[in-house]
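Step one of this worksheet: look at the structure below.
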Amino acid sequence: MYKRLNDVSIGVKLNLIITVAVSVIAIILLAIQIYITLRLVNEFGQVRVEQEIQVIGEELVRVQEDMQTAATVLVNVPGLIEAVANEDIDAIERLSLGAVPSLNIDDFDIINSEGERLIDTEEELSDDEEGEDELIGQALLGIQRSTILLEEEDDEVSLLFVSIRPLRDENATIVGGLLLARELNHELLTALNYGRNGIDLSLIYDNDVLASSFSEDSSAFIDNIQFNGDSITQTLAGVSSDTPEFTLINRIIYVSTYVPVQGLDDRSATAVVQIRINNRELNLFLRRLIIGTIIVAIALVSALVFIILYRIRFLIVRRLRRLQETIAEIAEGNYDKRVTDETSKDEIGQLANDFNRMAGEIQSHENELQELNQSLENRVAERTLELKKARDEAVAAQRLANENSRLKSEFLSTMSHELRTPMNAIEGFTGIMLNNMGGVEYNDKAERYLKKVQSNSRRLLALINDFLDLSRIESGRMELVSLPMTPSMMANKWEDNLSVLAQEKGIGFEVTVDPTLPETIYGDEEALTKVAINLIGNAVKFTSEGSVTLSLEKREENMAMVVKDTGIGIPPHAREFIFDEFRQVDQSSKREYGGTGLGLSIVQKLVREMGGTVSLDSEVGAGSTFTVLIPIHTEEKQIA
Amino acid sequence: MEIPKNLLEGWDIVVVDDEEDSLEVAEIILLEYGANVHTASDGKQGLRIVQVVKPRFVISDMSMPVMDGWGFIQSLKNDPEIANIPVIALTAHAMKGDRERALEVGFHNYLTKPLTVDTFMADLVKLLVDIPELVEHLNI
């Protein structure tokens with residue numbers, strides 16, 4: 001989690017920090033703002049209250065003027081004054097009651113010159129009419145005034161606006177007095193339009209609400225009108241409070257202030273008027289103020305944040321982004337890219353600078369590398385070319401060699417066939433003739449010469465065979481096979497085929513096989529037969545009396561072919577070279593004994609091919625023993 | 001043991017070889033022993049003669065023009081009338097594998113070239129005594 005936070009973009013991180021910081025500042029400002037708002041509200045309330053007081057004052061003045069006007073109207077009712085002077089109660093009643101309803105008065109008294117009430121609209125005699133009496137007395141004295149009177153009646157107290165007027169006849173003689181009263185009650189207050197604009201007046205006396213303009217069906221009944229007792233006491237004592245009182249009733253803020261009411265004799269105030277502004281205006285004002293503040297705050301914060309972020313973007317994020325892009329391009333392989341629009345020397349500017357230097361280094365390294373690479377490539381290409389040429393030459397040489405080899409093989413094969421064919425014909429026909437077949441007739445001389453032809457052709461054939469064998473072995477064309485052969489059977493065949501040679505010379509011939517030899521061994525029977533034929537042939541050739549023996553023996557892991565004769569033997573000095581081609585012991589031997597001189601050479605080479613050895617033991621005059629040792633293979637030998 | 005001169009009396013024998021001399025030598029020898037020798041110098045010719053003559057056996061060289069020994073034996077075996085006539089192959093000195101193969105494709109046996117007067121008859125008799133249906137016809 002921490003790691004992931006760490007990977008968040010710088011831009012975002014700064015965004016967060018700044019937003020938090022600015023928000024904190026904004027909240028502080030908001031708090032300040034709210035404080036100021038409250039102060040303003042205070043002042044507003046105060047201002048409003050003062051306004052109201054003034055208005056109330058004017059209102060009261062107007063009420064009083066109304067009273068005066070009412071008094072004047074009554075006084076001028078025709079015939080009223082006469083009626084008073086005559087104490088004609090009926091007439092007074094009739095005239096006054098007729099006029100009164102059109103006047104805004106609650107009560108009026110008419111008294112005669114003696115001070116006796118002639119008419120009193122009050123339904124009940126009040127207990128305390130002292131105030132009224134005093135005022136009436138003043139009217140009889142000719143005083144004309146308006147004032148406020150506090151009347152206590154049982155437990156109820158009421159405030160009255162009172163106007164007194166003397167009644168004068170035509171002679172200006174006071175014939176009586178007039179007292180008009182208007183109660184400061186709910187109706188009056190309502191009539192004065194209080195309670196409707198959010199301003200209520202409540203008349204409080206002795207912690208009792210006497211009258212109030214609160215409408216009855218409003219949320220604040222008269223009983224629930226709240227007022228601060230302490231404030232009232234203070235007000236009565238003459239201490240006026242500067243700050244209005246704020247109360248919250250049903251989520252409406254009320255601003256209240258208390259104004260003392262001067263009594264009749266301008267004594268200290270006995271009653272207090274509570275002016276309460278329930279203040280939809282205030283609420284509205286407040287709400288507007290707060291909302292306005294919030295909006296301004298948000299706007300300011302947003303603007304501030306936006307500006308800061310923009311700057312940051314510019315100052316940091318964008319420059320870093322450019323740097324990063326350049327790096328990416330270089331990573332792709334465009335080593336010539338640099339950071340170009342950095343002019344500042346600040347951290348990022350320095351970073352860009354150093355980065356450019358590094359890029360320059362990289363580029364030069366890269367170039368070096370390219371050059372090296374190129375030269376290497378060139379050398380490799382050269383070498384490859386050389387190798388290719390060599391290889392091509394080798395391939396050509398190989399092909400040539402193969403071709404040569406093939407040609408040689410073909411040549412040998414063809415020679416083999418071509419040489420043998422006429423020889424076979426010669427042998428065939430001489431044989432036929434000498435066997436008296438085909439109806440041939442000849443004499444002795446012809447027979448003798450024919451025999452010569454036959455023996456020479458046989459010699460020639462032998463030479464050809466030996467020569468071809470040697471050629472094949474020499475050029476490696478003699479491939480030995482590894483096939484199963486049975487020594488005993490082989491030996492029998494040799495005996496069958498070769499005993500005639502010995503018989504012709506009158507010497508013995510014997511073939512023996514060692515029983516401990518494996519019944520089946522692997523090798524090339526034909527090659528072995530060649531060896532046997534050559535050795536036996538030689539043995540017979542150089543033996544005139546005695547015998548020739550061939551024995552196959554087991555000597556450790558080798559099979560030995562031992563050909564022993566009782567012939568003329570081989571002198572020691574000859575042993576070295578008799579295996580060489582065309583060599584016999586000496587020239588005379590060749591002439592006397594015939595033979596091609598190739599036999600032993602073939603034997604040696606064949607034996608060598610078979611992985612064996614041939615050795616010679618001889619004594620001049622006694623005989624010779626040729627021993628061929630061949631390793632025994634009991635399973636098919638893979639051609640290496 | 002001396003081979004009787006009428007051993008092959010009355011036998012029809014076909015010899016197929018592209019070498020004239022070789023053919024003549026074989027013919028002279030076989031004639032000497034009483035046989036009726038018919039010669040051909042290639043496989044195709046040989047086949048025709050065999051179909052007509054229906055010999056006791058055939059001697060065939062391997063390498064011949066037009067149709068060689070391999071083709072000859074195949075065609076022979078494909079013809080039910082002559083498929084059972086024994087054919088002896090004349091193989092050259094070298095190829096060991098060829099001998100085995102010859103036996104596989106239907107040659108009854110083989111003789112190695114060259115044919116010498118001394119050995120030809122002896123070797124041939126050795127082969128003939130191995131063929132039951134011919135033995136009874138030998139004039140011994």
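The values are calculated or read from the model by the stated rules, or taken from the named source; none is laboratory data. These figures come from a predicted structure and were not determined experimentally. Don't worry about glycine lacking a Cβ; one is built from the backbone with ideal geometry, like all the others, and counts go over all protein chains shown. Only protein heavy atoms, including side chains, enter the accessible area calculation; ligands, DNA and RNA are left aside. Shrake-Rupley method; radii C 1.70, N 1.55, O 1.52, S 1.80 Å.
Residues in the range A:559-592 that are surrounded by fewer than 16 Cβ atoms within 10 Å (Cβ to Cβ) and modelled with pLDDT of 70 or more: A:Pro571, A:Pro572, A:His573, A:Arg575, A:Glu576, A:Phe577, A:Asp580. Of everything in the range B:7-26 that is within 11 Å of another protein chain (Cβ to nearest Cβ) and open to solvent by 50 Å² or more (accessible area, probe 1.4 Å), the residue that is nearest to A:Asn436 (Cα to Cα) is B:Glu24. The residue that is nearest to the other protein chains (Cβ to nearest Cβ), among those in the range B:32-45 that are more than 11 Å from the chain's Cα centre (by Cα) and open to solvent by less than 30 Å² (accessible area, probe 1.4 Å), is B:Tyr33. The numbered conditions (1) surrounded by fewer than 18 Cβ atoms within 10 Å (Cβ to Cβ); (2) more than 20 Å from B:Thr112 (Cα to Cα); (3) more than 14 Å from every other protein chain (Cβ to nearest Cβ) are all true for B:Glu2 except (3). Scanning the range B:68-90 for residues that are outside any helix (DSSP H, G or I), touching a Gly at 6+ places or on another chain (Cβ under 9 Å) and either open to solvent by 10 Å² or more (accessible area, probe 1.4 Å) or facing chain A (nearest Cβ under 10 Å) (or both) yields B:Asp68, B:Ala83.
So for the range A:435-445 (the condition being assigned to a helix (DSSP H, G or I), of a type outside the set (D, E, K, R) and surrounded by fewer than 18 Cβ atoms within 10 Å (Cβ to Cβ)), does at least one residue qualify?
No.
Within the range B:104-126, the set of residues being closer than 30 Å to A:Gln454 by Cβ, part of a helix (DSSP H, G or I) and open to solvent by 20 Å² or more (accessible area, probe 1.4 Å) comprises B:Asp118, B:Thr119, B:Ala122, B:Asp123, B:Val125, B:Lys126.
The set of residues in the range A:420-458 that are out of contact with any Leu (no Cβ under 7 Å at 6 or more places or on another chain) and of a type in the set (A, V, I, L, M, F, W, C) comprises A:Ala425, A:Ile426, A:Phe429, A:Ile432, A:Met437, A:Val440, A:Ala446, A:Val453. Taken as a whole, the structure places B:Ile29 among residues that are within 11 Å of chain A (Cβ to nearest Cβ), surrounded by 14 or more Cβ atoms within 10 Å (Cβ to Cβ), of a type outside the set (D, E, K, R) and within 28 Å of A:Asn465 (Cβ to Cβ). Could you check the range A:31-59 and list, in sequence order, the residues that are touching a residue at least 60 places away in the same chain (Cβ under 8 Å) and open to solvent by less than 60 Å² (accessible area, probe 1.4 Å)? Result: A:Gln33, A:Thr37, A:Val41, A:Asn42, A:Phe44, A:Gly45, A:Gln46, A:Arg48, A:Val49, A:Glu52, A:Ile56, A:Glu59. Among residues of the range A:435-446 that are within 14 Å of chain B (Cβ to nearest Cβ), those with a Cβ under 6 angstrom from a residue that is open to solvent by less than 90 Å² (accessible area, probe 1.4 Å), sequence gap 6+ or separate chain, pair up as A:Asn435/B:Val117; A:Met437/B:Ile28; A:Met437/B:Glu32; A:Gly438/A:Ile432; A:Gly438/B:Ile28; A:Val440/A:Met433. Scoring A:Ile28 on the criteria (1) out of contact with any Leu (no Cβ under 7 Å at 6 or more places or on another chain); (2) surrounded by 12 or more Cβ atoms within 10 Å (Cβ to Cβ); (3) modelled with pLDDT of 70 or more leaves a single failure, condition (2).
Considering the conditions (1) without any contact (Cβ under 8 Å) to a residue 60 or more places away in the chain; (2) open to solvent by less than 40 Å² (accessible area, probe 1.4 Å), B:Phe57 is excluded by exactly one of them, (1). Can you pull out the residues in the range A:487-507 that are surrounded by 15 or more Cβ atoms within 10 Å (Cβ to Cβ) and not in a helix (DSSP H, G or I)? Within the range A:487-507, A:Ile507 is the sole residue that qualifies.
Look at (1) open to solvent by 60 Å² or more (accessible area, probe 1.4 Å); (2) among the acidic types (Asp, Glu); (3) more than 14 Å from every other protein chain (Cβ to nearest Cβ) and you find that B:Glu100 fails only one, number (3).
The single condition among (1) open to solvent by less than 70 Å² (accessible area, probe 1.4 Å); (2) modelled with pLDDT of 90 or more; (3) more than 19 Å from A:Ala462 (Cβ to Cβ) that A:Glu525 does not meet is (2).
Scan the range A:409-428 residue by residue and report those that are within 11 Å of chain B (Cβ to nearest Cβ) and of a type in the set (A, V, I, L, M, F, W, C). Can you show your working first?
As a first pass, look at the range A:409-428 and keep what is within 11 Å of chain B (Cβ to nearest Cβ): A:412-413, A:416-417, A:420-428.
Residues satisfying the conditions are A:Leu412, A:Met423, A:Ala425, A:Ile426.
Taking the stated definitions as given, is A:Ile473 within 14 Å of another protein chain (Cβ to nearest Cβ), closer than 30 Å to A:Met559 by Cβ and touching a residue at least 60 places away in the same chain (Cβ under 8 Å)? So A:Ile473 passes the test.
Taking the numbered list (1) open to solvent by less than 10 Å² (accessible area, probe 1.4 Å); (2) within 14 Å of chain A (Cβ to nearest Cβ) in turn, B:Met64 passes all entries but (1).
Restricting the range A:508-519 to residues that are open to solvent by 40 Å² or more (accessible area, probe 1.4 Å) and under 18 Å from A:Asn558 (Cα atoms), the residue that is farthest from the chain's Cα centre (by Cα) is A:Thr512. Please verify whether the range A:383-397 includes one or more residues that are small (Gly, Ala, Ser), within 25 Å of B:Ala92 (Cβ to Cβ), assigned to a helix (DSSP H, G or I) and away from chain B (no Cβ under 14 Å). No. If you go through the range A:333-346 one residue at a time, do you hit one that is open to solvent by 50 Å² or more (accessible area, probe 1.4 Å), of a type in the set (Asp, Glu) and in a helix (DSSP H, G or I)? Looking through the range A:333-346, none of the residues is open to solvent by 50 Å² or more (accessible area, probe 1.4 Å), of a type in the set (Asp, Glu) and in a helix (DSSP H, G or I).
Please work out if A:Arg357 is surrounded by 13 or more Cβ atoms within 10 Å (Cβ to Cβ), more than 30 Å from A:Ala26 (Cα to Cα) and either at pLDDT 80 or above or hydrophobic (A, V, I, L, M, F, W, C) (or both). Answer is no for this residue.
Of the residues making up the range B:18-38, those that are assigned to a helix (DSSP H, G or I) and under 21 Å from B:Ser63 (Cβ atoms) are B:Glu20, B:Asp21, B:Ser22, B:Leu23, B:Glu24, B:Val25, B:Ala26, B:Glu27.
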